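The values are calculated or read from the model by the stated rules, or taken from the named source; none is laboratory data. On a predicted model such as this, the values are computed, not experimentally measured, just so you know. Cβ: placed from backbone, ideal geometry, glycine included. Neighbour counts: every protein chain shown.
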Amino acid sequence: MKKNTLLILLLLIGLPPLNAIAQRYEVAAQLQELGKHEEALVQFVALSAIGNKDAQFSVAAMNFNGQGTKKDYIEGYAWMTIAASKGSEQAQGVLDKFASKLSPEQLAQAKLRHDELVQTYGDAAIHKNLMPTETLNNTRGNFRDRKPLRKPTAKYPKEAERRYLDGQTLISFTVGADGRTRNQRVTSYTSDLFIKPSLISVKGFLYQPSKIGDVPVPVYSVSNRFTFQMIGGNGEYKQKALVKVLSEAKSKVEHGSSHDRYEYAFLAEGLRQYLSDENRTLFNDAHKWNTAAAIDGHPFAKFDLGTRILYGEQCDADSSKSHFWLKSAAQDGVSEAQLLLGLERYNGVMFEKDEAIGLDWIRKAATNGNEFAKVQFAQLVTLNPQSDDKILAEARVYLNDVKLKDLIDKLSYHEANAALYSREGNFKKARKFQKKALKEAKKYKLPTALMEKNMQGLQENKVITQLIDTSNT
């Protein structure tokens, strides 16, 4: 069966919206055009710290021209030397011009200043401190990755079968310290007919959880790709159409915007499995251009890069580098980055443990409209015996504000409500939500021993103090 260009629904992949984006080169340039030189300079310096050569050139030019700062030829010359480090003819031309205007003493001062700047803004420093180290044999010390114990097969939807429709979904989720999946979310899909069976399957997954030493730990960014193909189908997609779409996207990466680079990386990563072996080699540079988009300050590219480095996806895992990129994306308002950064800081698995900082980032994600962040905030403060009435009231506001139609992980929502109501002394409502949690867990054939124990405790008006059982992991 031949597939039509359904795929070029472009996976309905749903590129993230580009609102509320900070620290992108285009935004900084626009600020400069509007005469907001001080604001633009702050953005250009921030982008310079992640290796953006155009931003480094702009910092130099603004120092030469006295825009957003006092006119300083020595500072400008030092910055322009940084910008020229990769062979920019324009930057080199400016250096040649000003070399004749500066005295030998000023040039010596510029050299000293350049030597200071290169420690932070130079290519070698940025690569060492921030860029992923590609590797084929990634090891992560005493970290042991998860192993699947049960992965129910997704059922082929009858409507898709009736229409001879093939397709794919990519579902992301957390694997908890108990091996259960949480925060399931749809990353991409070719037809919405395939979403429901994919989510039903993922909700029933069970893993032997990841461990650091002998301690089970959660992993917050896991993905599973579901491919739906009719029996008897030849699995071949129209290569000409796919190559055309990817070629058009790739043609913009060299001289286009940060979004052009991110869009190509996103499409190349999502469509590569549909390409023939020969065509796949033409578009095997998704990571390269996602990194380039991150260097341009694209917030979702920074989030993707930070996540990739955190979990060592085709690169060495590095918590320091990952923290930089995730924090930068979080500061730009990416709620998934805020949530991931917050959870890792709160639990202290991959990053230095700091519950206050972690909880604040989760709060930001919740306020930013991330439905699961609202649930996570409520769960964490409810289970913390040190939580006072004020923060428990805040948790209640978040839970009451959850838009259930937008929340896939209703099991975690029911559990959080049951636990919080028990802390509030409302055991009738606590039992009501615990009953819903049990029903949801049984629906997906998940372990319920702890849930049953908590229900028994609620019958005796005892507060729920534990939601994750790691005793059998």
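Annotations
- Matching residues in the range 246-267 - criterion: being within 23 Å of G167 (Cβ to Cβ) and in contact with a His (Cβ under 9 Å, 6 or more places away or on another chain): A265
- Count of the range 197-221 residues which are in a helix (DSSP H, G or I) and farther than 25 Å from V186 by Cβ: 0
- Flag if I309 is β-branched (V, I, T), without any contact (Cβ under 8 Å) to a residue 40 or more places away in the chain and not in a loop (DSSP other than H, G, I, E, B): no
- Just one residue in the set A78, A84 is of a type in the set (G, A, S), in a helix (DSSP H, G or I), out of contact with any Pro (no Cβ under 7 Å at 6 or more places or on another chain) and at pLDDT below 95; that residue is A84.
- Top-ranked residue in the range 1-26 [being buried (at least 19 other Cβ atoms within 10 Å of the Cβ) and closer than 30 Å to I82 by Cα; ranked as modelled with the highest pLDDT]: Y25
- Note on the range 443-473: residues that are assigned to a loop (DSSP other than H, G, I, E, B) and within 18 Å of G179 (Cβ to Cβ) amount to 13.
- Inside the range 274-300, residues that are in a loop (DSSP other than H, G, I, E, B), crowded, with 21+ Cβ neighbours inside 10 Å and out of contact with any Leu (no Cβ under 8 Å at 6 or more places or on another chain) make up a count of 1.
- Within the range 38-77, considering residues that are over 31 Å from the mean Cα position of the chain (by Cα) and farther than 20 Å from G93 by Cα, the one surrounded by the most Cβ atoms within 10 Å (Cβ to Cβ): G68
- Out of A441, A419, sole residue that is under 21 Å from D389 (Cβ atoms) and at pLDDT 95 or above: A419
- For the range 377-395, a tally of residues being part of a helix (DSSP H, G or I), free of Cβ contacts under 8 Å to residues at least 40 places away in the same chain and under 18 Å from Q466 (Cα atoms) returns 5.
- Residue within the range 263-274 that is under 30 Å from I126 (Cα atoms), hydroxyl-bearing (S, T, Y) and touching a residue at least 24 places away in the same chain (Cβ under 8 Å) present: yes
- The residues of the range 311-345 that are of a type in the set (A, V, I, L, M, F, W, C), within 23 Å of M131 (Cβ to Cβ) and modelled with pLDDT of 90 or more, listed by number, are F324, W325, L326, A329, A330, V334, A337, L340, L341.
- Enumeration of residues in the range 346-386 that are charged (D, E, K, R) and at pLDDT 95 or above: D354, E355, D360, R363, K364, E371, K374
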